[in-house]
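Below is one structure; the comments refer to it alone.
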Amino acid sequence: MSPPAYIGRFAPSPTGPLHFGSLLAALASYLDARAHHGQWLLRIDDLDKPREVAGASDAILRVLDAYGLHWDGPVTYQHQQQQHYDHALQQLLDQGHVYYCTCSRQDFPANPQQHACRQRRQPPAGAWSLRIKAPDETLLLDDAIQGRHSTNLATCHDDFVVYRKDGITAYQLATAVDESLAGITHVVRGSDLLDSTFRQQLLMRWLYGHSPLYAHIPVATHADGQKLSKQSFATALEPADWKLCLLAALRFLGQPQPADAGTPRTLLDEACQHWSLARIPRRPALPANDFCKP
Ligand code: GLU
């Protein structure tokens, strides 16, 4: 049997409850997957234990469920995937794409090209991180919403970290591995992650030879232009507010309002029928402030 043509995902970090900004990514990825008759997987990005908030991942699951955003199969937890990350890190070391770096974030040179750590292929004494040797080449991203973007990581001096000094696998590496292991074909998420996409695509090319397609939705901001985030105390969504929040999220994404919002199911089914990526604005039309206050 051939694998499904579309496997999407939502990958929240349990650093706080679901807020309007994360609902946008959940809803857009869900509707895009369902509109393509695809699967929608849920992954909890819980590697960064110091930033994890107790109870947040269960709270996120409860709100998704109450909003009718039902995922396929079991939830993947990144903390259970460490063997796969270790394997990928070893592969990158063997390929010569990464090096052991002893610098702190402050010490790391603005231009790493001549950096002494760059030659290091064996673990030194003391604490170290693993960084990639940024290749001097143009990386292209053809985003379904944001259009064509390009970058050169070497010119940007972006020897980004794939394994942190505190012993935690970095987000870029874990995400690249997980997308590939799960067979993700389409990633729909916030445009604040567009720069990360270049890094993740590069890692996936080195490790697996292919990467998913991407669509980056506009990021919800406060009236002052600041991104809504758990850190900026965006309001936690309540299970009971599903109608208000889903309708507001559809408006934000430029989609029509469903006529039948009797239950989350009827609302989402109708939203799915009318779903169109082409209607999503590149930038937010309005600040998201107070969108979800009952
Ligand atoms: N877990 C990260 C977040 O919540 C990244 C998600 C992603 O790669 O889509 O911001």
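Any read-out appearing in this document is the output of simple, stated calculations on the displayed coordinates, not a laboratory observation. Computed from a predicted model, the values in this text were never measured in an experiment. Don't worry about glycine lacking a Cβ; one is built from the backbone with ideal geometry, like all the others, and counts go over all protein chains shown.
Brief remarks on what is shown
- When restricted to residues that are without any contact (Cβ under 8 Å) to a residue 12 or more places away in the chain and under 30 Å from ALA278 (Cα atoms), segment 114-141 contains 1.
- Hits in segment 1-21 - residues which are farther than 23 Å from SER211 by Cβ and either near the ligand (Cβ under 8 Å from one of its atoms) or not in a helix (DSSP H, G or I) (or both): MET1, PRO14, THR15, GLY16, PRO17, LEU18, HIS19
- Of residues in segment 8-24 being among the hydrophobic types (A, V, I, L, M, F, W, C) and closer than 21 Å to GLN273 by Cβ, the one nearest to the chain's Cα centre (by Cα): PHE10
- Selected residue (criterion: surrounded by the fewest Cβ atoms within 10 Å (Cβ to Cβ)) from residues of segment 179-196 that are over 19 Å from ALA35 (Cα atoms) and more than 9 Å from the ligand (Cβ to nearest atom): LEU181
- Of everything in segment 15-40 that is touching a helix residue (DSSP H, G or I) at 6+ places or on another chain (Cβ under 6 Å) and either among the hydrophobic types (A, V, I, L, M, F, W, C) or buried (at least 24 other Cβ atoms within 10 Å of the Cβ) (or both), the residue that is nearest to THR76 (Cα to Cα) is TRP40.
- Sole residue being over 30 Å from ALA88 (Cβ atoms), within 16 Å of the ligand (Cβ to nearest atom) and not polar (S, T, N, Q), chosen from ALA215, ALA236: ALA236
- Close pairs from segment 241-263: first within 14 Å of ALA220 (Cβ to Cβ), partner basic (Lys, Arg) and surrounded by fewer than 21 Cβ atoms within 10 Å (Cβ to Cβ), Cβ under 9 Å, at least 6 apart: LEU253/ARG279; GLY254/ARG279
- Residue in segment 23-33 that is more than 11 Å from the ligand (Cβ to nearest atom), closer than 19 Å to GLU179 by Cβ, charged (D, E, K, R) and not in a loop (DSSP other than H, G, I, E, B) present: yes
- PHE160 meets the stated requirement of being away from the ligand (no atom under 14 Å from the Cβ) and aromatic (Phe, Trp, Tyr).
- Any hit, segment 172-190, residues being within 17 Å of GLY21 (Cβ to Cβ), of a type outside the set (Val, Ile, Thr) and either in contact with a strand residue (DSSP E or B) (Cβ under 9 Å, 6 or more places away or on another chain) or in a loop (DSSP other than H, G, I, E, B) (or both): yes
- Test: residue in segment 38-51 that is away from the ligand (no atom under 13 Å from the Cβ), in a loop (DSSP other than H, G, I, E, B) and out of contact with any strand residue (DSSP E or B) (no Cβ under 7 Å at 6 or more places or on another chain): no
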